Amino acid sequence: MKSVVFYFQMHQPRRIKEYRRSEVSHNHDYFWEEKNKEILERIIEKCYVPMTKVLIENDIKSSISISGVLLEQLLDMNSSVIDLLKEYFKSGKGEILGETYYHSLSSIWDEEEFKRQVEKHIDTLSRTFGIIPSTFRNTELIYNDKISQMVKDLGFETIITEGTDEIISKNSPNFIYKTISGLNLFLRNYRLSDDISFRFSNRSWNEYPLFADKYAKWIFMTEGDVINLFMDYETFGEHNWKETGIFDFMRALPNELKKYGIDLFTINEAVKNKGKKYELGINKTISWADTERDLSAWLGNEMQIEAFEMMKTLKNTKNKDLWGLLQTSDHFYYMSTKHFSDQEVHEYFNPYHSPYLAFIYYTNILEDFYKTFLD
Amino acid sequence: MKSISVLGWELPPVFSGGLGIHTMNLYTKLSNFLNINIYVPDIVLPSGYYPFKAITVNLSKYYGSYYRSDDFFDLVQEYNEILIENFNPKDVKLIHAHDWITFKAGVELKNIYHIPLIITVHSTEYDRSGNFNPQKRIMDIEKYGIENADKIITVSNYTKEIIVRNYNANKKKIKTIYNGVNSELYDTGKKDYSLKKKVLYFGRLTSQKGPKFFLEAALKVLNNMKDIKFVIAGEGEKMEELKILAGEYLEKNIIFTGFVKFHVARQLYNDSDVFILPAVSEPFGMTVLESMVSGTPAIISKTTGVGEALKNVLKVDFWDSDLLSEYIISILNYKGLRKTIGENGKIESLKFTWEDAALKTLIVYGDYL
């Protein structure tokens, strides 16, 4: 029988402040705490709390990743979200995934640093929730065979990534595969995922409005073992407001699926109960970001590359934690200068309203970091 | 084809400012759709062939005083009177007057012949005075034109707001139409973004354009970085004052070129790492687009009209030479920043075309033709 596998990404960066060049050598506080708090409090209220309650109250199974950067902010705020998540994970319905603590791009350039960050994340998860994850999801589903080997070496059993057009033209995303490194591999079904995350409240979509019964029917008509619906947690209540009916949709979905004999599985349950298809090699680096599904959201222009290269040169610092916080991929995402619809998405998230200012503030901070935290 | 009459002031190759360039480009495009008569003074005879009809009116008896500003007002008064005398209303469906220099004649011709009047506000006395001691008699003429025109075209929403605020213009009559840029003149192909250590100011040296803030920022940069050259291209009443401010850096780091011809300007854009326009009040800012077309990043004041339509520039308050100097240093320090702003800015600037400006002008005319 077919199963739906929900995976939700929970992440909020620690955005850097509008750090002036005149502050270099004087001010070593880099983060925009008021802004971060303001945004996070809004998301907690609109999404994290109500959505986690929806999951608990409706017995919805899912797998969730929480970046270390978000987790430490939630812990600092003593947020009730932590207790709700504990309750959810304890119930057995919810499962937690591993990733890099800082939601960074370390996987593409430095194995040692990648390992440090993944282990730091595991350590935080085990201290907070008492759980050691067995599934890995890299930052924004960045993936290639080499990354999967590093993840295997860290002791994980399963990894998830994007089902890009190129991959799904030959391999259905609705089955579990094996990576060359020997991990179980899940591919996101981006069409069905985006129906919820991008199109749900789009009035010009010809399927608008989307109700759970119609969506369950689409799942029923889709061939395969697992339907992998992977998306940002903020889809619920933040990107689609409560008023759009997104929570009602989620409340209704399990029963509508049941009518077709479809159940919800966590990733580990799916691994246990479903067969594995053949080995799938993915040489090219992919991700779930933008329409290109590659690294161009973070390293698409020369400014982003210059900032990234400069960040790398700070590796010998003793203040690894601070350096890690400056590796969060969002810092580079804000520097994107893509055209058309992708750029609209980048701008929506950009607290500085200009990719150039994002670069200037970031490099100002790196200059201070270089002078202050490098011997 | 329908006929319209334009009350102008200058036509290339004879001009002192942007008005002649605007007139030439806009009406070259519009002459494909309309019979266009452009009235200009015969101070120096316009030369060359125009795709529209250039009608000169005899103002040459006043020529000697043209460049003396205290007489300039009188010269303009004279021009307006002669325009009215010389105007031929036959078949004219519309009069289009450009700036205060022709507003008076525009309104009076409208009243005499009952022909609708459109005016374009390219700049106001408020801008030209750098918001300091504007001449009331000129503002009165501007107000007269703004009150009596059937439609008003402004070159930016920034200017639209100025005339609403300072001249009590009726918002509903105003349409913003951005200027175009002759990209083929300034596009020198693929720009090399290796560091040139050159920062450019190009514009008249008047308080309106803010050269003083450029100089202040230059001195702040020079405190941090040696051997950077700050090129101040253009001439104007502030030259001597600026040279004194430049102090020890004069000639070595701060270079005054005086008036530059087109081909030199083109070279200057291309040879600079960054172009700065810290204008106190600039209705549009054609040089910003010229710089961007050449691939050179621009830092402009928030009070520069074209900035409201641009994403790929850095913006500062005109007085904030601290921040301006910081942005300059970042651009000089980081090639990736120069290149990314420069390349994206170029693409963005190419969207400003005279075809587009002409089309939008034609739509404004449409109500009266």
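None of the figures in this text is laboratory data; all of them are computed from the coordinates on show. A quick note: this is a predicted structure, and the numbers were derived from the prediction, not measured. Positions of Cβ are generated from backbone atoms using ideal geometry, with glycine treated the same way; all protein chains shown enter the neighbour counts.
Here are a few things to note about the model shown:
- Taking 20 Å as the limit for the C-alpha separation, the pairs A:Lys61/A:Lys115; B:Lys143/B:Lys315; B:Lys220/B:Lys315; A:Lys61/A:Lys90; B:Lys226/B:Lys335 exceed it in the case of A:Lys61/A:Lys115; B:Lys143/B:Lys315.
- In the protein assembly as shown, the DSSP beta bridges split such that about 10 percent are antiparallel, to the nearest 5.
- Residue-wise HN-Hα coupling along segment B:362-369, computed from phi with Karplus coefficients 6.51, -1.76, 1.60 (Hz; x: Gly, Pro): 4, 5, 5, 4, x, 5, 10, 9
- Under 15 Å from a label point set 7 Å out along the Cα-to-Cβ vector of B:Asn224, the amide N atoms of segment A:13-38 belong to A:19-27.
- Relative contact order for segment A:296-373, counting Cα pairs under 8 Å that sit 6 or more residues apart, in percent: 36 percent
- Kirkwood-based shape ratio for the protein assembly as shown, expressed as Rg/Rh from alpha carbons: 1.08
- The magnitude of the dipole of the protein assembly as shown, with charges of +1 and -1 set on the Cβ of Lys/Arg and Asp/Glu and taken from the Cα centre, is near 840 debye.
- Structure-based [θ]222 nm, the protein assembly as shown - -39500 (n - 2.57) summed over DSSP H runs of at least 4, per residue, nearest 500: -13000 deg cm²/dmol
- Among B:Ser194, A:Ser62, A:Ser91, B:Ser272, a tally of other beta-carbon atoms within 10 Å of each Cβ gives an order, fewest to most, of B:Ser194, A:Ser91, A:Ser62, B:Ser272.
- Highest mobility in the GNM of chain B, judged by mean-square fluctuation with C-alpha springs under 10 Å and restricted to B:Val57, B:Val121, B:Val293, is found for B:Val57.
- Amide H within-cut-off set for B:Ile55, under 5 Å, with H built and near neighbours excluded: B:Ile38, B:Tyr39, B:Val40
- Percentage, to the nearest whole number, of Cα pairs in chain B over 28 Å apart: 45 percent
- Point-charge dipole on Cβ atoms (K/R +1, D/E -1) for chain B, about Cα centre, debye to 20: 900 debye
- A simple packing score, the average count of other Cβ atoms within 10 Å per residue, orders the peptides B:212-221, A:171-180, A:271-280 as B:212-221, A:171-180, A:271-280, with the highest score first.
- Taking amide H atoms as placed 1.01 Å from N in the peptide plane, the amide H of B:Phe202 lies under 5 Å from those of B:Ala233, B:Ile276, each 5 or more residues away in sequence or on another chain.
- Restraint check, A:Lys93/A:Lys274; A:Lys315/B:Lys196; B:Lys53/B:Lys110; A:Lys217/A:Lys277; B:Lys243/B:Lys311, Cα-Cα greater than 29 Å: A:Lys315/B:Lys196; B:Lys243/B:Lys311
- Sorted by Cβ neighbour density within 10 Å, fewest at the top, the residues B:Trp319, A:Trp298: B:Trp319, A:Trp298
- Summary of the geometry: segment A:229-264 and segment A:323-375, compared by the centres of their Cα atoms, lie 33 Å apart.
- Shape of segment B:183-349, Cα gyration tensor, a/c cut at 1.5: rounded
- Ordering A:Gly275, A:Phe129, A:Leu299 by Cα displacement along the dipole of chain A toward the positive end leaves A:Gly275 in first place; charges were set at the Cβ atoms of Lys, Arg (+1) and Asp, Glu (-1).
- The Cα atoms of segment A:296-373 define a convex hull whose projected area, averaged across directions, is 4.7 nm².
- Within straight-line reach of A:Lys17, meaning a Cα separation under 15 Å, sit the following aspartates and glutamates at least 8 residues removed in sequence or on another chain: A:Asp29, A:Glu33, A:Glu34, A:Glu38, A:Asp330, A:Glu367, A:Asp368.
- Projected label distance in nm at B:Lys175 and B:Gln77, using a 7 Å step from Cα toward the beta-carbon: 3.5 nm
- Between A:Glu223 and A:Asp76, the simple spin-label model (points 7 angstrom out along Cα→Cβ) gives 5.1 nm.
- Set the Cα radius of gyration of chain A against 2.2 N^0.38 Å, with N its number of residues, and you get 0.97.
- Measuring against 25 Å, Cα to Cα, the residue pairs B:Lys198/B:Lys261; A:Lys371/B:Lys212; A:Lys53/A:Lys320; A:Lys284/B:Lys339 contain A:Lys371/B:Lys212; A:Lys53/A:Lys320; A:Lys284/B:Lys339 as the ones spanning a longer distance.
- Euclidean distance of C-alpha centroids, segment A:38-75 and segment B:263-342, integer Å: 43 Å
- Charge tally in the Cβ shell below 13 Å around B:Asp150, where Lys, Arg are +1 and Asp, Glu are -1, B:Asp150 excluded: +4
- Per-residue Karplus couplings for segment B:257-263, computed as 6.51 cos²θ - 1.76 cosθ + 1.60 with θ equal to phi - 60°, are listed in order as 8, x, 4, 10, 7, 3, 5 Hz, Gly and Pro entered as x.
- Among B:Val280, B:Val260, a tally of other beta-carbon atoms within 10 Å of each Cβ gives an order, fewest to most, of B:Val260, B:Val280.
- Most mobile of B:Lys339, B:Lys351, B:Lys160 in a GNM of chain B (Cα contacts under 10 Å): B:Lys351
- The amide H of B:Phe230, built 1.01 Å from its N in the peptide plane, has B:Val199, B:Ile254, B:Ile255 as neighbours under 5 Å, considering only residues 5 or more places off or on other chains.
- HN-Hα J in Hz across segment A:231-242 - Karplus 6.51, -1.76, 1.60, θ = phi - 60°, x for Gly and Pro: 6, 5, 4, 5, 3, 9, x, 10, 6, 10, 5, 3
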